[in-house]
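Novice: Once you've had a glance at the structure underneath, I'll fire off some questions.
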Amino acid sequence: MKMNKQMKKICIPTIIFVLAVCLAPVQTFAQEQGVIEGQVVNVTADGGSLEGLTVTLHVFAGTKEQPSQTATTDAEGQFRFEDLSTEAEHVYTLGFDYQGVEYGSDLLTFSEEETTLSVPIKVYEPIESDEAISIEQAHIFVDFQEGDLLVSELYFFSNDSDRIYVGAEEVAEGQRGTLRLSLPTGARGLVVEGEELGQRFFETDGGFVDTWFLPPGQSSGRLMFSYSLPYDPSGYDLVRDISYPLKALNVLVADVGVDVTSDQLIPQGTRGMQGQSYLDLSGQNLSKGERLTVHFSGSPDRESVGGREAMSAQPSQAGDQAFLRWAALGLVLLIVGFALGYPLFRRPPKEAGDKG
């Protein structure tokens with residue numbers, strides 16, 4: 001009995017210690033388990049079933065991609081991923097296909113002491129017709145280089161239906177053309193959203209086409225592009241074919257001594273930003289198929305454009321590309337600066353399926 005009592009005195013504390021050590025990492029491990037759950041919601045009236053969709057969870061630990069996981073939606077469009085690390089370095093994103101359109105989530109991370117993330121994702125039935133597409137706002141920015149007009153254009157598109165616009169014509173393998181815009185005759189050095197043509201954007205006869213889908217909503221898509229045109233000081237017409245119904249337009253022209261007129265636009269005086277003055281002309285409610293004409297005449301003041309002469313000495317194409325990228329950035333700054341004067345200027349948060 002003495003031996004048993006001694007053994008108890010020695011063993012019981014030892015067993016408790018061993019159990020504590022062994023169970024500690026198990027407890028810590030359990031605390032790190034997270035859940036990402038969600039529901040796919042079809043917001044198109046009389047939309048199709050969402051049961052049986054394969055949702056892929058992409059996993060990243062730091063900069064390294066980890067093996068992905070998949071889950072299948074139930075009759076209510078719900079899905080769930082369990083046993084996920086909640087460590088700060090782990091980042092997740094969801095993706096799936098519905099009716100030929102890829103949808104997904106923003107990057108997902110667990111905050112401190114958070115173990116469950118709920119992610120609703122909207123989907124829409126597709127539509128091939130562009131009848132519900134309009135231009136909420138258009139901004140055209142014109143500047144001058146030696147012998148050239150440098151033009152940047154920014155468009156905010158709206159889709160007034162409850163379906164996602166996918167286009168009808170395939171312009172490349174597996175890619176349909178959606179938003180189509182024309183270019184003036186003689187345009188060169190086209191830069192669209194800073195991307196090379198042949199990937200998202202493709203040239204067409206007289207313009208270019210986008211291949212990203214346009215979800216429902218006001219200003220749910222945006223396109224910005226730049227190009228150059230040869231300028232004749234004795235008189236030049238910038239002609240723009242209106243591809244979709246256009247609700248509001250303003251044209252900003254660097255005020256360098258050139259006369260600017262248009263029968264379709266109303267002069268709004270001048271606006272200044274960062275030491276540069278711009279002529280401001282505006283218009284509203286231009287119809288699809290209408291032709292906008294802006295007339296320029298006179299030579300730009302050489303002192304006003306003198307800072308750009310060095311650029312014109314570069315090879316033509318390289319100079320155009322460099323300046324057009326600068327002009328695109330300048331356009332964004334201008335529009336932001338003038339935003340209070342144009343209350344419709346906004347870009348809503350990007351939703352799943354929004355590629356604009």
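The values are calculated or read from the model by the stated rules, or taken from the named source; none is laboratory data. Only a predicted model underlies this, so the values are computations on that prediction, with no experimental measurement involved. All Cβ positions, even for glycine, are placed from backbone atoms using ideal geometry, and neighbour counts span all protein chains on display.
Novice: Quick one: in segment 139-185, which of the residues that are touching a Gly at 6+ places or on another chain (Cβ under 8 Å) and among the charged types (D, E, K, R) is farthest from residue 282 (Cα to Cα)?
Specialist: Looking at residues that are touching a Gly at 6+ places or on another chain (Cβ under 8 Å) and among the charged types (D, E, K, R), I get 170.
A quick yes/no check of all residues on (1) modelled with pLDDT under 95; (2) surrounded by 12 or more Cβ atoms within 10 Å (Cβ to Cβ):
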position	(1), (2)
41	no, yes
45	yes, no
52	no, no
59	no, yes
71	no, yes
78	no, yes
95	no, yes
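Novice: Scan (1) within 16 Å of residue 242 (Cα to Cα); (2) touching a strand residue (DSSP E or B) at 6+ places or on another chain (Cβ under 6 Å) for the single condition residue 163 breaks and write down its number.
Specialist: Among (1) within 16 Å of residue 242 (Cα to Cα); (2) touching a strand residue (DSSP E or B) at 6+ places or on another chain (Cβ under 6 Å), the lone unmet condition for residue 163 is (1).
Novice: Hey, could you check segment 283-324 for residues that are of a type in the set (Gly, Ala, Ser) and in contact with a Gly (Cβ under 9 Å, 6 or more places away or on another chain) and say which is modelled with the lowest pLDDT?
Specialist: The selected residue is 313.
Novice: Still on this structure, please answer the following. Name the residue that is nearest to residue 47 (Cα to Cα), counting only residues in segment 103-129 that are of a type in the set (S, T, N, Q) and touching an Asp or Glu at 6+ places or on another chain (Cβ under 8 Å).
Specialist: Looking at residues that are of a type in the set (S, T, N, Q) and touching an Asp or Glu at 6+ places or on another chain (Cβ under 8 Å), I get 118.
Novice: Something else now. Here are 168, 187: which of them is under 26 Å from residue 232 (Cβ atoms) and touching a residue at least 24 places away in the same chain (Cβ under 8 Å)?
Specialist: 187
Residues checked against (1) over 19 Å from the mean Cα position of the chain (by Cα); (2) among the hydrophobic types (A, V, I, L, M, F, W, C):
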| position | (1), (2) |
| --- | --- |
| 127 | yes, yes |
| 131 | yes, no |
| 159 | no, no |
| 167 | no, no |
| 184 | yes, no |
| 197 | no, yes |
| 209 | no, yes |
| 217 | no, no |
| 230 | yes, no |
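Novice: Based on what the data block shows, is residue 145 surrounded by 18 or more Cβ atoms within 10 Å (Cβ to Cβ), closer than 30 Å to residue 293 by Cβ, under 21 Å from the mean Cα position of the chain (by Cα) and not assigned by TED's automatic domain parsing to the domain that holds residue 49?
Specialist: Judged against the criteria, residue 145 is not a match.
Novice: State all residues of segment 178-196 that are at pLDDT below 90 and either part of a loop (DSSP other than H, G, I, E, B) or touching a Cys at 6+ places or on another chain (Cβ under 8 Å) (or both); if no residue qualifies, say none.
Specialist: Selection gives 193, 194, 196.
Novice: Going by what's in this entry, would residue 340 be described as of a type outside the set (Gly, Ala, Ser), at pLDDT below 90, outside any loop (DSSP other than H, G, I, E, B) and over 30 Å from residue 120 (Cβ atoms)?
Specialist: When the stated conditions are applied, residue 340 passes them.
Novice: Shifting gears a bit: Please determine, by comparing only the residues of segment 91-125 that are among the aromatic types (Phe, Trp, Tyr) and more than 16 Å from residue 70 (Cα to Cα), which one is nearest to the chain's Cα centre (by Cα).
Specialist: 124
Novice: Out of (1) assigned to a strand (DSSP E or B); (2) crowded, with 16+ Cβ neighbours inside 10 Å, what's the single condition that is false for residue 272?
Specialist: (2)
Novice: Let me ask something else about it. Of everything in segment 253-280 that's closer than 16 Å to residue 149 by Cβ and hydroxyl-bearing (Ser, Thr, Tyr), which residue is modelled with the lowest pLDDT?
Specialist: My answer is 278.
Novice: Given the condition closer than 20 Å to residue 252 by Cα, touching a strand residue (DSSP E or B) at 6+ places or on another chain (Cβ under 8 Å) and surrounded by fewer than 20 Cβ atoms within 10 Å (Cβ to Cβ), answer yes or no: does some residue in segment 168-186 qualify?
Specialist: Yes, segment 168-186 has at least one match.
Novice: Same structure, new question: Out of the residues in segment 249-269 that are exposed (fewer than 14 other Cβ atoms within 10 Å of the Cβ) and among the β-branched types (Val, Ile, Thr), state the one that is farthest from residue 143 (Cα to Cα).
Specialist: Filtering segment 249-269 for residues that are exposed (fewer than 14 other Cβ atoms within 10 Å of the Cβ) and among the β-branched types (Val, Ile, Thr), the one farthest from residue 143 (Cα to Cα) comes out as 266.
Novice: Out of segment 215-248, which residues are among the hydroxyl-bearing types (Ser, Thr, Tyr) and either surrounded by fewer than 19 Cβ atoms within 10 Å (Cβ to Cβ) or outside any strand (DSSP E or B) (or both)?
Specialist: If the condition is that a residue be among the hydroxyl-bearing types (Ser, Thr, Tyr) and either surrounded by fewer than 19 Cβ atoms within 10 Å (Cβ to Cβ) or outside any strand (DSSP E or B) (or both), then 231, 234, 236, 243, 244 are the ones that fit.
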